[in-house]
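The values are calculated or read from the model by the stated rules, or taken from the named source; none is laboratory data. Note that the structure is a prediction, hence the values are computed from the model and not measured. Quick reminder, even Gly has a Cβ in these numbers, built from the backbone with ideal geometry, and neighbours come from all protein chains shown. Accessible surface is based on the protein model in full, side chains and every heavy atom, while ligands, DNA and RNA are left aside. Shrake-Rupley method; radii C 1.70, N 1.55, O 1.52, S 1.80 Å.
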Amino acid sequence: MSMLEITDFGKRFTIHHLGKTMPAIEHINFSLEAGEFIGIVGKSGSGKSTILKSIYRTYLPDAGEILYQSDRFGEVDLAKLSERQILYLRKYEIGYVSQFLSVMPRTTCRQLVTNALLEMGESEEVALMEAEKSLAHFELDPKLWDSYPNTFSGGEKLRLNIAMATVKKPRLLLLDEPTASLDQQSKVKVREIIEKLKNKGTTLVGIFHDIEFMDGLCDKVFDMQTRQLTVAKEAVGYES
Ligand SMILES: Nc1ncnc2c1ncn2[C@@H]1O[C@H](COP(=O)(O)OP(=O)(O)OP(=O)(O)O)[C@@H](O)[C@H]1O
């Protein structure tokens, strides 16, 4: 059984000041097996982020189904779950990393990563230890650990974002350009974590500007233009 199956998915947006409703994407179909890593490629504005946000239920689909094999609830259509169920899945099963950090104000970097584990029921001792390991892995300067991230640089915010999502070892991880503003060394660190999570069974859907960087890790590529899912090695010449 697939971990995630998207069938005839579509999303429209209403532009209120124009009084118009416009389709962002239509007729999207693809599925992933447990432990697979699928990259989505396509032109700017083709709807890549809309797909990820709809899987995470930031957006509600207007058409189709997004079936997810949950550990807790069995097979569910993510669009039909209650808010409570979605919050449960976001806490325990589904992670999402975007280029933008949106966190509780006046909470230090260390607390944010620790809290991600505490809310999953991890003990304080383990949560603190794992949080520090994760921050060190992503080479966030220990001088920053007890600071509030609102003053962090773009790359530091992004690395914190990735640390918060990956430390939970989610069952399904959605990555929306997580390496967008990172230097080569930080990108390698992201790749290493993705590899580790994948080896432990995490299923991944990611949008990468430079998907070649995920060579050997990414199993399949979904091309927004052709609407086809191809084995990553065969998807030559793709660009975003
Ligand atoms: N909240 C929203 N309200 C109105 N229109 C939206 C909204 N979110 C996305 N859109 C529109 O839907 C289309 C797809 O946007 P989306 O962000 O999914 O594209 P993308 O492929 O991820 O682009 P990029 O590579 O530039 O990030 C765009 O035309 C965008 O303007």
For the range 4-234, with the dipole built from +1 on Lys and Arg beta-carbon atoms and -1 on Asp and Glu ones, taken about the Cα centre, which of 138, 103, 21 lies farthest toward the positive end? 21
Accessible area (Å², 1.4 Å probe, nearest 10) - residue 36: 30 Å²
To the nearest 20 debye, the chain has a Cα-centred charge dipole, built from +1 on Lys and Arg Cβ and -1 on Asp and Glu Cβ, of 520 debye
For the range 31-36, take each phi angle, set θ = phi - 60°, evaluate the Karplus expression 6.51 cos²θ - 1.76 cosθ + 1.60, and give the result in whole Hz per residue in order, putting x for glycine and proline. 9, 10, 8, 4, x, 7
Please report how far the C-alpha centroid of the range 100-137 lies from that of the range 164-187, rounded to the nearest whole angstrom. 15 Å
With springs connecting C-alpha atoms under 10 Å apart, model the chain as a Gaussian network and identify which of 96, 59, 68 has the largest mean-square fluctuation. 59
Roughly speaking, to the nearest percent, how much of the chain's 1.4 Å accessible area is carbon and sulfur? 49 percent
Springs between alpha-carbon atoms under 10 Å, Gaussian network over the chain: tell me which of 153, 181, 46 tops the mean-square fluctuations. 153
Cβ-based net charge around residue 134, under 13 Å, with every Lys or Arg adding one and every Asp or Glu removing one: +2
Can you bin every Cα-Cα distance in the range 1-110 into 5 Å intervals starting at zero and give me the percent of pairs per bin, rounded to whole numbers? 2, 10, 19, 22, 19, 14, 9, 5, 1, 0
For the chain, list log₁₀ I(q)/I(0) at each q in 0.18 Å⁻¹, using the Debye formula over Cα point scatterers of equal strength and ignoring solvent, two decimals each. -1.45
Mind checking the angle between helix 83-92 and the chain's longest principal axis? C-alpha axes, 0 to 90 degrees, to the nearest 10. 50 degrees
Each label sits 7 Å from Cα toward the beta-carbon; between residue 71 and residue 129 the label points are separated, in nm, by 2.0 nm
Highest to lowest packing among 125-132, 83-90, scored as the average C-beta count within 10 Å: 125-132, 83-90
Can you give me the accessible area per residue for the chain, using a 1.4 Å probe, in Å²? 51 Å²
Total charge of the residues flanking residue 184 in space, meaning their Cβ is under 15 Å from its Cβ, with Lys and Arg +1 and Asp and Glu -1, is -2
Using all Cα-Cα distances in the range 59-200, what percent lands in each 5 angstrom bin from 0 up to the longest? 2, 10, 18, 21, 20, 14, 9, 5, 1, 0
Members of 169/189; 48/220; 143/196; 189/220; 133/189; 169/198 lying beyond 19 Å, as alpha-carbon distances in this model show: 143/196; 189/220
